[in-house]
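Input: one structure, supplied below.
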């Protein structure tokens, strides 16, 4: 496996695991039943979890561009 594909695999694994902490925070703050359901007025998540959600979305969006660049190169 080339170095580029190795790092693409690492970035993909990191991006796929990035959602776990903010989901666990959601369960800790709201409780399991409220976290998986649709509450009328859900409790806000911790500030770090909100930031992590944005970081995860950014990583998912940029993974496509990064993967194309690695595969073309």
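Each value in this text was obtained by applying a stated rule to the coordinates, not by laboratory testing. These numbers come from a predicted model, not from an experiment. Every residue, glycine among them, receives a Cβ derived from its backbone with ideal geometry; neighbour counts consider all protein chains shown.
Of the listed values (i) 1.10; (ii) 1.15; (iii) 0.94, identify the label whose number matches Rg/Rh (Cα atoms, Kirkwood Rh) calculated from this model.
(ii)
For residue 24 and residue 73, compute 0.36 nm times the residue count separating them, minus their Cα-Cα distance, and round to one decimal in nm.
Residue separation times 0.36 nm, minus the Cα-Cα distance, leaves 13.9 nm.
Shifting gears a bit: Treat the count of other C-beta atoms within 10 Å as a stand-in for reagent exposure and order 51, 30 from fewest to most.
In order of increasing Cβ crowding within 10 Å: 51, 30.
How large is the helix-only mean residue ellipticity at 222 nm for the chain, computed as the sum of -39500 (n - 2.57) over DSSP H runs with n ≥ 4, divided by its residue count, in deg cm²/dmol to the nearest 500?
-26000 deg cm²/dmol
Further question on the same structure: Length gain on complete extension for the stretch residue 51 to residue 4, per 0.36 nm per residue less the alpha carbon to alpha carbon distance?
14.1 nm
Going by alpha carbons, how many degrees (0 to 90, nearest 10) lie between the helix axis of 3-17 and the longest principal axis of the chain?
Long axis of 3-17 versus the principal axis of the chain: about 10 degrees.
Additional query: Quick one: angle between helix 19-30 and the longest Cα principal axis of the chain, in degrees between 0 and 90, rounded to 10, please.
The angle comes out near 0 degrees.
In whole percent, what relative contact order does the chain give with Cα contacts below 8 Å and a gap of six or more residues?
44 percent
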